[in-house]
1. Counting only DSSP beta bridges with both residues in the chain, tell me the antiparallel percent, nearest 5.
2. Let me know the charge dipole size of the chain about its Cα centre in debye, to the nearest 20, where only the beta-carbon of Lys, Arg (+1) and Asp, Glu (-1) is charged.
3. Looking at the chain, which Cys residues are left with no other cysteine's beta carbon under 4.7 Å from theirs?
4. To the nearest 500 deg cm²/dmol, what mean residue ellipticity at 222 nm is calculated for the chain from DSSP H runs of n ≥ 4 alone, each contributing -39,500 (n - 2.57), summed and divided by the residues?
5. Along its principal axes, what span do the Cα atoms of the range 251-376 show, with the longest given first and each in whole Å?
6. How long are the semi-axes of the equivalent ellipsoid of the range 1-114, taking √(5λ) for every eigenvalue λ of the Cα gyration tensor, in whole Å from largest down?
7. Mind giving me the FRET efficiency for Glu348 and Thr295? R0 is 30 Å, r the Cβ-Cβ distance, nearest 0.05 is fine.
8. Principal axis lengths of the range 51-109 from Cα atoms, whole Å, largest first?
Amino acid sequence: MIQENLQKPSEFTFGQFLLVNTYINSEELAQALEIQNISRERIGKVLVRLGILSDDLLKESLSKYLNLPIVSLTQVTIDPNVARIIPEELACRHLLIPIEYKSGVLRVAIADPTDVRALDDVKLYTGCKVEAVLAGIEEIRTAIGQFLTVEKSVDQLLKLQNFSQDGQDVWTIDELTTDLLGRDAPTIRLVDTLLDQAVVQGASDIHWEPHESDFRVRYRIDGRLCLKCRLSIGAARSIISRLKVMSGLDISERRLPQDGRMLIEVRNRRIDLRLSTLPTVYGEKIVVRILDPETAKRSLDALGMSMQVEAGIREFLHRPHGLILVTGPTGSGKTTTLYALLRELRTEIFNVISIEDPVEYRLAGVNQVQVHGNGLTFAKGLRSILRQDPDIIMIGEIRDEETARLAVTAALTGHLVVSTLHTNTAALALTRLLDMGIEPYLLAAALSGVLSQRLVRLLCHHCKRPSSITSTEKQALRFETGIDTIYHAQGCKLCRGTGYNGRLGIHEFLIYNQDIKELVLSQGSSREIENAAIEHGMVPLFQDGLFKVAQGLTSLEEVLCSTVDLENTTVTL
């Protein structure tokens, strides 16, 4: 417990201050001092590296020790011209960045204000009086990348570029090689910074798009594309070549699509990137998919499921055989859910095998098979898997009749099978399999349950605003008439002005029972199957979304937008 009446900093060194005010104990201080004597690092940095102090706790203690304010760089407006007063090298060396200039005083955000030499260097370079404020290490690094690295790299890149007015000049391979080896430092810095910032900001994809007059970089964050920067069309050439070299693609091939992968390290995390090129009329467009391994570590209880849905799924996961399907459109989080299911299932006593296209995340304890264009299809791979004595099989996606038939057969012969299917609702998954040619009696015997899902954006808890519910909104929230207030998106710097930050799932779980089995055997419609499931307690997708609106997690507009393809859910606001 940190003491309220802190001792004055002038009486102690920073290490003694931490000890006296119970941030650390004497053994931890002794350990840190021993390492500091060898490494010559500052005591705070040593304590963070040892895991004794967190970045936030270090920032808090420094603020109290030096009586300095803490500034969140995500909540202040930084003038780019002020940020660029000092060179990038100086900012990176001392982990600081200017954020404001007023009446001859330069306000500098710094991670370690006890570093007097750093502040002296800034004063010497700028000739200004320097005032220090505390900021987080990661926030400073992001600001340096945004205001210094990107701008500097773009400026240098454009100075080096020699391109014709129409931007359609052609390079030979020798010229490309010369550029990549001799003139590409600004491009390398620019690409690396944009990749780094995309990972830090939680983007799932980066779009590098040539247009008639410019080259645009867009991030997909929380399912929505947002413009990161516009570059000269002449810069596209070096950037595309750099991305191709990083992913092992042929830089001279511009007329055909290519696919590649690369592995990068961002803030001490290894991130796998999947790259796809596409020739367009203005040049090659590249999309980079960011595969953060943290996504594969999510458990079932972190996916936003209701207690009823989660309990139902766990019950079926502990059965020795059967077919469990996860359905939804592209981008609805099906792969993340599949990995969460596998994390629940993998144990030393089970042989767990997956076949995927592609294998997006490596999962320890699971034998993962990659589908490829040299003849290994889902169907062919699944036949081989059935000869490998599997207990649990994960099929990345059921795309055709042959794969569907093998999945059903595997479920009938004592295996637990989990897979995905592209349908809008849980009930439609059953009729889709019947349309693929699966005999009703086989499906009726094999199926255990179907989970359908969507992703909706979470309201930013810093800026969401409550408002009294309107008559139209009451009509939309017909399941709960006692609600007086719901929340709406507003927008702030923390959520990039969108009003949303992060996503969670809305779900419906169809539990296979005797009534639904009889409807499948008689080939009933999806509407009949859905009605029967609701009678037995299934909460439809739209209603699950409304529950999350009532809890203040998301907005009514977001739920309506995510479920616009479902019947009887359209409400005009």
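1. Antiparallel bridges make up about 65 percent of those DSSP assigns within the chain.
2. Working: 63 positive and 73 negative charges, 189 e Å.
Magnitude of the dipole: close to 900 debye.
3. Flagged as lacking a Cys partner: Cys92, Cys128, Cys226, Cys229, Cys561.
4. Working: 23 runs with 220 residues, N = 573.
Taking each H run of at least 4 residues, the total per residue is -11000 deg cm²/dmol.
5. Principal-axis extents of the Cα atoms in the range 251-376, largest first: 53, 34, 32 Å.
6. Working: eigenvalues 170, 58, 27 Å².
Sorted largest first and rounded, they come to 29, 17, 12 Å.
7. Details: r = 24 Å, r/R0 = 0.81.
About 0.80, to the nearest 0.05.
8. 37, 25, 20
The values are calculated or read from the model by the stated rules, or taken from the named source; none is laboratory data. As the structure is a computational prediction, the values presented were derived from the model and not from experiment. Reconstructed Cβ throughout: ideal geometry from the backbone, glycine too, with neighbour counts over all protein chains shown. Ligands, DNA and RNA are stripped out before the accessible areas are found, and what is left, the full protein with its side chains, is counted by its heavy atoms. Shrake-Rupley method; radii C 1.70, N 1.55, O 1.52, S 1.80 Å.
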